[in-house]
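Engineer: The following block contains the structure, expressed as structure tokens.
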Amino acid sequence: MRASTLTTLALLAGALCARLPAAEIPRPAPDLAIPLPNGKQIKISDYRGKVLCLAFILTTCPHCQKTTEVLEGIYKDLAPKGFEVLEAALNENPDVPSFVSNFKVPWPVGTAGVLPAIDFVQFPKDKRPLVPFVVFIDRKGMIRAQYTYGTDESFFEAGLDQHIRDEAGKLLNEGAKSSKR
């Protein structure tokens with residue numbers, strides 16, 4: 001009986017996820033402005049020419065914290081090749097300075113509203129998204145891949161480091177200068 005119930009729930013969850021309209025990929029990245037704790041703001045267009053991993057997070061979310069920790073190692077390896085990371089906290093009044101300090105985050109972390117983040121990733125407004133949202137933007141400002149926890153668990157579970165490296169590497173290689181003439 002229990003196995004049957006679990007199977008039914010799994011199938012129902014799969015059917016619900018299958019009904020979510022897919023975001024258009026690739027598409028131009030909206031020029032979202034992310035306010036920083038120092039009062040300045042950073043815009044997505046500031047990263048033109050770089051490969052950007054934009055993560056919408058909750059500073060208190062364990063999945064978001066794990067994603068930040070994984071990104072920190074990847075960033076050290078790939079930043080010299082043109083890989084950048086930007087995080088935007090969606091929780092109300094997040095303690096961004098403590099988050100940055102606790103997780104030793106070397107890239108900008110700002111804030112964003114939930115609705116602008118949902119619009120950015122084209123998530124259906126009638127569904128409740130889970131965080132993090134991880135978006136990969138190429139050197140030309142095009143969103144080339146995105147993953148949302150709760151919809152794309154396989155990306156976030158085992159192999160998160162490799163999944164992020166694969167997406168970043170693919171985009172970094174596209175912009176690599178050829179040594180052939």
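Read-outs throughout are calculated quantities, based only on the coordinates presented, and are distinct from any laboratory measurement. Just so it is clear, the structure is predicted and the values come from calculations on it, not from any experiment. Cβ sites come from the backbone with ideal geometry, for glycine too, and all protein chains shown count toward neighbours.
Engineer: For the range 23-174, give the magnitude of the charge dipole about the Cα centre (Cβ charges: +1 Lys/Arg, -1 Asp/Glu; no others), in debye to the nearest 20.
Structural biologist: Working: 17 positive and 20 negative charges, 82 e Å.
For the range 23-174, the charge dipole is close to 400 debye.
Engineer: While we're on this one: Counting only residues 5 or more places away or on other chains, whose amide H sits under 5 Å from the amide H of GLY110 once H atoms are built in the peptide plane?
Structural biologist: Hits under the 5 Å cutoff: GLU87, ALA88, ALA89.
Engineer: Ordered by residue, what ³J(HN,Hα) values in Hz, to whole numbers, does the range 28-42 give under the Karplus form 6.51 cos²θ - 1.76 cosθ + 1.60, where θ = phi - 60° and Gly and Pro are x?
Structural biologist: Per-residue couplings from phi come out as x, 6, x, 8, 5, 9, 10, x, 9, x, 7, x, 7, 9, 10 Hz.
Engineer: Next up: List the lysines whose alpha-carbon lies under 27 Å from that of LYS140, not counting same-chain residues fewer than 8 positions away?
Structural biologist: Output for LYS140: LYS40, LYS43, LYS50, LYS76, LYS81, LYS170, LYS177, LYS180.
Engineer: Which order do peptides 151-164, 65-78, 129-142 fall in by mean Cβ count within 10 Å, highest first?
Structural biologist: Packing proxy ranking, top to bottom: 129-142, 65-78, 151-164.
Engineer: Can you tell me the convex hull volume per residue for the range 23-174, based on C-alpha atoms, in Å³ to the nearest whole number? Each step should come with its number before you reach the end.
Structural biologist: Working: hull volume 15.7 nm³, N = 152.
Cα convex hull per residue, to the nearest whole number: 103 Å³.
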